[in-house]
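What follows is a set of notes on a single structure, which appears directly below.
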Amino acid sequence: MFSKFIAKAKTVKDCQYGMYHYFFEKCPYVMIFKTTNYCWYNCAHCCENAGSHNQRNFMPESIITGIIDQAVQDKDFSRVVVFTGGELMSAYKYADKNYVSNIINHALSNGCGVDIKTNAGWVNFPFAKTIFQDIENIVRKRSNIDDNTKELLDFQVSLSLDRYHKNALDNDFQFIEHFANTDIPGVEFHIHLNSFKWDRDMFDELMQRLVQSGIKISELTGYVPGKTVTLYNLNQNVVVNYTETVLFDGGRAKNTKNTHKPVAPEFNFMGDDMESLIAFDSYGNVTLGENFGENISTPWCNDDKSLKPLETIKSELSNNIKNAEQNFLRQHQKLNRCLAFAGNLFSK
């Protein structure tokens, strides 16, 4: 409780000095594309309210590539792109079959690192073979066969490993086993497993099953800002890292046990590495942050549905942060006046 009070006080001070919009304007940013809000799962913990009840709409490919083309000309762009959903791979059934590979290759060809997020619920679907082949082709295209040593790609697939996703352990096992047994010269493929601390046993079981299937696993030490991490090398073909994240109370997750509510949610749009998260969605909005907090957003399209210039989008987001800072301060000052009035009333 005391830590929340300290965080609240710090937020008040930061708002007074306009620090949030200042950092947004000065710090690098990562671009996230929530390509669709459709998903064949309806997980109780979903912060996006994604599910099979949503329309099968996808961000137009031309919009995504157009935004990337603008971003790579921007000195503040971190050159990191995340493709997610809903479920990104549902495009293989409900959109152009080349949609996923096209947007990934466009980002990579423009010098961006790419992370795609999927629940791997498609591994037994009829089009799974096509997805595996497309990912292999992307990896092969990035391989450096002139070097005797294998390089870790700037292309990553993130898989969900938790109790909320149906058959997550089996699905992730099939995905990882496939690529651990796929030798692509000159490159190691990066797979990120994302979970929660109460599901750590699922990761341990997954590693055991991979060993039992004949895959050789060795541990490595990697480095991220501020800490070291353990990486797992599988058959010298795949590098796996495992992280445990916080479950925020957006979307349906607010009804789920163990959810966390930020102290000042409207300003939690920046990662530990001081990079802002700018998320474009299939509804036509750009929102700061990925899946938690009160929305600070603006439309990415004009009234005629054409794409706004990226500089205009960034300017509108910055102005909305300024407004949110002022609103927060007004609410805080109003609350203080009420508390002071009540204190004077009861002291008499």
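Structure data summary
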{"read-out": "Count of residues meeting criterion [in contact with a helix residue (DSSP H, G or I) (Cβ under 8 Å, 6 or more places away or on another chain) and not basic (Lys, Arg)] in segment 204-221", "value": "6"}
{"read-out": "Count of residues meeting criterion [surrounded by fewer than 21 Cβ atoms within 10 Å (Cβ to Cβ), in a helix (DSSP H, G or I) and not hydrophobic (A, V, I, L, M, F, W, C)] in segment 13-60", "value": "7"}
{"read-out": "Neighbours by Cβ (under 9 Å, 6+ apart or cross-chain): first from segment 88-117, among the charged types (D, E, K, R); second in a helix (DSSP H, G or I)", "value": "ASP96/GLU61; ASP96/ASN102; LYS97/ALA91; LYS97/THR130; LYS97/ASP134; LYS117/LEU88"}
{"read-out": "Pair list, Cβ < 9 Å and 6+ apart or interchain, from segment 299-317 residues that are in contact (Cβ under 8 Å) with a residue 40 or more places away in the chain to residues that are exposed (fewer than 14 other Cβ atoms within 10 Å of the Cβ) and assigned to a helix (DSSP H, G or I)", "value": "LEU307/SER62"}
{"read-out": "Residue list for segment 61-80, filter: loosely packed, with under 14 Cβ neighbours inside 10 Å and closer than 20 Å to TYR94 by Cβ", "value": "SER62"}
{"read-out": "Condition met for ALA279 (at pLDDT below 85, surrounded by 11 or more Cβ atoms within 10 Å (Cβ to Cβ) and either aliphatic (A, V, I, L, M) or within 28 Å of LYS10 (Cβ to Cβ) (or both))", "value": "no"}
{"read-out": "When residues of segment 161-191 are limited to those that are outside any loop (DSSP other than H, G, I, E, B) and more than 13 Å from LEU234 (Cβ to Cβ), the one modelled with the lowest pLDDT", "value": "VAL187"}
{"read-out": "Residue under evaluation LYS93, criteria (1) crowded, with 16+ Cβ neighbours inside 10 Å; (2) in a helix (DSSP H, G or I), criterion not met", "value": "(1)"}
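The values are calculated or read from the model by the stated rules, or taken from the named source; none is laboratory data. No experiment lies behind these values; they were computed from the predicted model shown. Don't worry about glycine lacking a Cβ; one is built from the backbone with ideal geometry, like all the others, and counts go over all protein chains shown.
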